[in-house]
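The values are calculated or read from the model by the stated rules, or taken from the named source; none is laboratory data. Since the structure is predicted, the reported quantities are computational estimates derived from the model, not experimental observations. Methodologically, a virtual Cβ is constructed for each residue, glycine included, from the backbone with ideal geometry; neighbour enumeration extends over all protein chains shown. For accessibility, only protein heavy atoms count, side chains too; no ligands or nucleic acids. Shrake-Rupley method; radii C 1.70, N 1.55, O 1.52, S 1.80 Å.
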Amino acid sequence: MKIISIQVGKPRAVDYRGKPVLTGIFKAPVKGPLMLRATNLDGDGQADLKVHGGIDKALYAYSLDAYPAWKKQRPNDEFAPGAMGENLSLDKMPEDQIFIGDVFKVGKAIIQVTEPRFPCFKLGIKYNDPKIIKEFNELGRPGVYFRVLQEGLIDVGQTLELTAQEEVKVSVAELFAMKNAARGL
């Protein structure tokens, strides 16, 4: 898993049904190296820390190999790095082979998989279409949230190197499917 692009963005107000809503889903590519801190990347921010960001969701990664499926599903939309609001766009990240608790070294940082992403209505705002949330769940490519075990500089071109795994393994894809099934999705 190689970093192809790094994105950050500060929360901003957007119109949603005639009212302003604060969101940090709009991310733009930046040149590295960039400091990864305990709660996020330098220059990044989240609007609602109850559901995004913080210690257990400090970094969000998404796999570029999922974008062709998105382009097929939504041919009129653009899917460049950061399209899903991710901080890291990786060349490949098979969610069925990444497990909750996996620890990776990337650059000088050490990160740990915490959970898949479950999109909120703000993804629908970004694409001006609430149906994308259902499509996101159906595609089954949620991306991965990480906590930061050791802060450090990260950069484009670096590889995530697996350094530790839990004895009992639950993949990101399995957890995503289980939680969606429990929610009736």
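If you go through the stretch 158-178 one residue at a time, do you hit one that is closer than 28 Å to Pro33 by Cβ, touching an Asp or Glu at 6+ places or on another chain (Cβ under 7 Å), part of a loop (DSSP other than H, G, I, E, B) and not charged (D, E, K, R)?
The initial filter retains those residues of the stretch 158-178 that are closer than 28 Å to Pro33 by Cβ, namely 158-165, 172.
Narrowing the set further to residues that are touching an Asp or Glu at 6+ places or on another chain (Cβ under 7 Å) leaves 162, 165, 172.
Within this subset, residues satisfying the condition of being part of a loop (DSSP other than H, G, I, E, B) are 165.
With the extra rule that they be not charged (D, E, K, R), the set shrinks to 165.
Yes - at least one qualifying residue is present in the stretch 158-178.
Is one or more of the residues making up the stretch 96-105 touching a helix residue (DSSP H, G or I) at 6+ places or on another chain (Cβ under 8 Å) and either of a type in the set (Ser, Thr, Tyr) or surrounded by 21 or more Cβ atoms within 10 Å (Cβ to Cβ) (or both)?
Pass one, the stretch 96-105, residues touching a helix residue (DSSP H, G or I) at 6+ places or on another chain (Cβ under 8 Å): 96, 98-100.
From the residues that got through so far, the ones that are either of a type in the set (Ser, Thr, Tyr) or surrounded by 21 or more Cβ atoms within 10 Å (Cβ to Cβ) (or both) too are 98.
The answer is yes; a qualifying residue exists.
Report the residue count in the stretch 10-30 for those that are touching a residue at least 60 places away in the same chain (Cβ under 8 Å), touching an Asp or Glu at 6+ places or on another chain (Cβ under 9 Å) and assigned to a loop (DSSP other than H, G, I, E, B). Steps first, answer last, please.
Within the stretch 10-30, the first condition is being touching a residue at least 60 places away in the same chain (Cβ under 8 Å), and the residues that meet it are 14, 16, 21, 23-27.
When the remaining residues are screened for being touching an Asp or Glu at 6+ places or on another chain (Cβ under 9 Å), the result is 21, 23-24, 27.
Those left that are additionally assigned to a loop (DSSP other than H, G, I, E, B): 24, 27.
Qualifying residue count for the region: 2.
Name every residue in the stretch 100-132 that is over 15 Å from the mean Cα position of the chain (by Cα), aromatic (Phe, Trp, Tyr) and closer than 18 Å to Ala177 by Cα, in order of residue number. None; the set is empty. When the residues of the stretch 152-174 are filtered to those that are surrounded by 14 or more Cβ atoms within 10 Å (Cβ to Cβ) and of a type in the set (Asp, Glu), the one that is modelled with the lowest pLDDT is Glu174.
Pairing residues of the stretch 60-82 that are at pLDDT 95 or above with residues that are of a type in the set (Val, Ile, Thr), at Cβ distances under 7 Å and at least 6 apart in sequence or on separate chains, gives Ala61/Val144; Leu64/Ile4; Pro81/Ile4. Tally time: how many residues in the stretch 51-94 are farther than 18 Å from Thr23 by Cβ and of a type in the set (Val, Ile, Thr)? Selection size over the stretch 51-94: 1.
So, of the residues in the stretch 61-71 that are open to solvent by 10 Å² or more (accessible area, probe 1.4 Å) and closer than 24 Å to Lys31 by Cβ, which turns out to be nearest to the chain's Cα centre (by Cα)?
Residues of the stretch 61-71 that are open to solvent by 10 Å² or more (accessible area, probe 1.4 Å), as a first pass: 64-65, 67-69, 71.
In the following step, the residues that additionally are closer than 24 Å to Lys31 by Cβ were identified as 64-65, 67.
On the way: Leu64: 11, Asp65: 14, Tyr67: 13 Å.
Once the filter is applied, the top-ranked residue is Leu64.
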